[in-house]
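Trainee: The structure's right below; bear with me while I get my questions together.
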Amino acid sequence: MCYESECCGGSSRYRRFALGFWFGLAILATTAAAVVLVVAYARVSRLSVAVDDASLTRFTATATSVAYNLTVALVVRNPNWAMGVTYRSLEASYLFSGKRFDSVTVVQPGYTQAARKTAVFRLTSGSDAAQASLGSAGVQEYKKESAAAGVFDVEVDLSGEVKYKLHRASCRLEAKCPLKLQLATPDASSVVFQKVTCDVLRSSQSGC
């Protein structure tokens, strides 16, 4: 036999237990979500950089200048699954025989790349006489590579500054992309470019 007061008491205890259970579950879920967010925003994964395509249609060098036409498809991936990144600056420098002969702006300040997104920057540049301090060693290297089927070693160096979402400090972005470029001429067959993964330098800055 169950009296009304006993039944009501049992029901009340059950409700208190259920409320306590769901309240505890909510606290655990909130704590877990907070931990996940802290981990997601506290640890920065470096951007990855690659050159998907490149074309060299003119390249002549003297001791003091370089005449060239170069197109580069630069691919930058943000591997962070929660943090977007804002570019403060990003410049690409072109080097031959270890000497810089030109540089171009990759992206304007303020450009934002979302988390887990890949950006493709297509750079097209050229000059009739870009100033370069190649010297006699650079000229000799140019002659050697010209004789070797016109395949030139051109390095693309990236230098810039980015800021990750919710991080106060900006981080330096430095990368080196060594390319072997077959000089494309009108009477030559199509040139196939092999994708190059760039070497992203590790930053010494805290939190980067």
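The values are calculated or read from the model by the stated rules, or taken from the named source; none is laboratory data. Values in this document were obtained by computation on a predicted structure and should not be read as measured data. Don't worry about glycine lacking a Cβ; one is built from the backbone with ideal geometry, like all the others, and counts go over all protein chains shown. These accessible areas exclude ligands, DNA and RNA; they are computed on the full protein's heavy atoms, side chains included. Shrake-Rupley method; radii C 1.70, N 1.55, O 1.52, S 1.80 Å.
Trainee: For the range 55-208, report the accessible area per residue in Å² (1.4 Å probe, heavy atoms, rounded to an integer).
Mentor: Here the residues of the range 55-208 average 54 Å² of exposed surface.
Trainee: Using the beta-carbon distance between ALA114 and VAL151 and R0 = 35 Å, what value does 1/(1 + (r/R0)^6) give for FRET efficiency, to the nearest 0.05?
Mentor: FRET efficiency, ALA114 to VAL151: 0.40.
Trainee: So, one more: Within the range 44-66, name every residue whose backbone N is under 19 Å away from a label modeled 7 Å from Cα of VAL191 along the Cβ vector.
Mentor: 51-62, 66
Trainee: Treat each spin label as a single point 7 Å out from the Cα along the C-beta direction, and report the THR124 to THR71 distance in nm.
Mentor: Placing both labels 7 Å beyond Cα along the Cβ direction yields 0.6 nm.
Trainee: Right, here's the next one. Could you work out what % of the accessible surface of the range 63-130 is carbon and sulfur, using a 1.4 angstrom probe and leaving DNA, RNA and ligands out of the count?
Mentor: 45
Trainee: Here is the link list: LYS99/LYS180; LYS99/LYS163; LYS163/LYS195; LYS165/LYS195. Which ones come out longer than 25 Å on Cα distance? Spell out each step's value before the answer.
Mentor: Values: LYS99/LYS180 16 Å; LYS99/LYS163 29 Å; LYS163/LYS195 27 Å; LYS165/LYS195 30 Å.
Result: LYS99/LYS163; LYS163/LYS195; LYS165/LYS195 exceed 25 Å.
Trainee: Please give the FRET efficiency for LYS165 paired with THR62, using the beta carbon to beta carbon distance and R0 = 45 Å, rounded to the nearest 0.05.
Mentor: Step by step, r from the Cβ atoms, then E = 0.45.
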